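Participant: Input: one structure, supplied below.
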Amino acid sequence: MPTNFASVQTHLERAQAELTGTDPATQQLREAIGLLMDAALKAEFSAKPQVCEIIPFPRAETGRSTRTSHHG
């Protein structure tokens, strides 16, 4: 099952928002969550793309106009 990166991002954002204190421990936790968010984004966009099968679309018959619009 692939990772739901959008859900991961949402949960980390909520966790970070709950840390409202100004003490050093809270600031350190907010920074740590920020690093996790960066790592999640990096993992999402560097993930190996899934192999997809390309299905050819049938071509229009010759002799018939392939234009579908009368706007130029």
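The values are calculated or read from the model by the stated rules, or taken from the named source; none is laboratory data. These numbers come from a predicted model, not from an experiment. Ideal geometry is used to build each Cβ from the backbone, glycine not excepted, and the neighbour counts take in all protein chains shown.
Participant: Could you please tell me which pairs satisfy a Cβ distance under 7 Å, a separation of 6+ or placement on different chains, a first residue in region 36-50 that is of a type in the set (G, A, S), and a second residue that is at pLDDT 90 or above and in a helix (DSSP H, G or I)?
Facilitator: Close Cβ pairs satisfying both conditions: A40/F5; A40/V8; A40/Q9; A40/L12.
Participant: Of the residues L41, L29, which is at negative phi and within 24 Å of the chain's Cα centre (by Cα)?
Facilitator: Numbers: L29 fails: within 24 Å of the chain's Cα centre (by Cα).
Answer to the selection: L41.
Residue by residue, here is whether (1) modelled with pLDDT of 80 or more; (2) among the acidic types (D, E) holds:
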| position | (1), (2) |
| --- | --- |
| E13 | yes, yes |
| A17 | yes, no |
| G21 | yes, no |
| T26 | yes, no |
| M37 | yes, no |
| E44 | yes, yes |
| F57 | yes, no |
| R67 | no, no |
| G72 | no, no |
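Participant: Regarding A15, is this residue more than 18 Å from the chain's Cα centre (by Cα), part of a helix (DSSP H, G or I) and without any contact (Cβ under 8 Å) to a residue 24 or more places away in the chain?
Facilitator: Details: more than 18 Å from the chain's Cα centre (by Cα): yes; part of a helix (DSSP H, G or I): yes; without any contact (Cβ under 8 Å) to a residue 24 or more places away in the chain: yes.
Against the criterion (more than 18 Å from the chain's Cα centre (by Cα), part of a helix (DSSP H, G or I) and without any contact (Cβ under 8 Å) to a residue 24 or more places away in the chain), A15 qualifies.
Participant: A further question on this structure: Which ones in region 26-52 are of a type in the set (G, A, S) and surrounded by 10 or more Cβ atoms within 10 Å (Cβ to Cβ)? Break it down stepwise before answering.
Facilitator: Let us first name the residues in region 26-52 that are of a type in the set (G, A, S), namely 32, 34, 39-40, 43, 46-47.
Across region 26-52, the qualifying residues are A32, G34, A39, A40, A43, A47.
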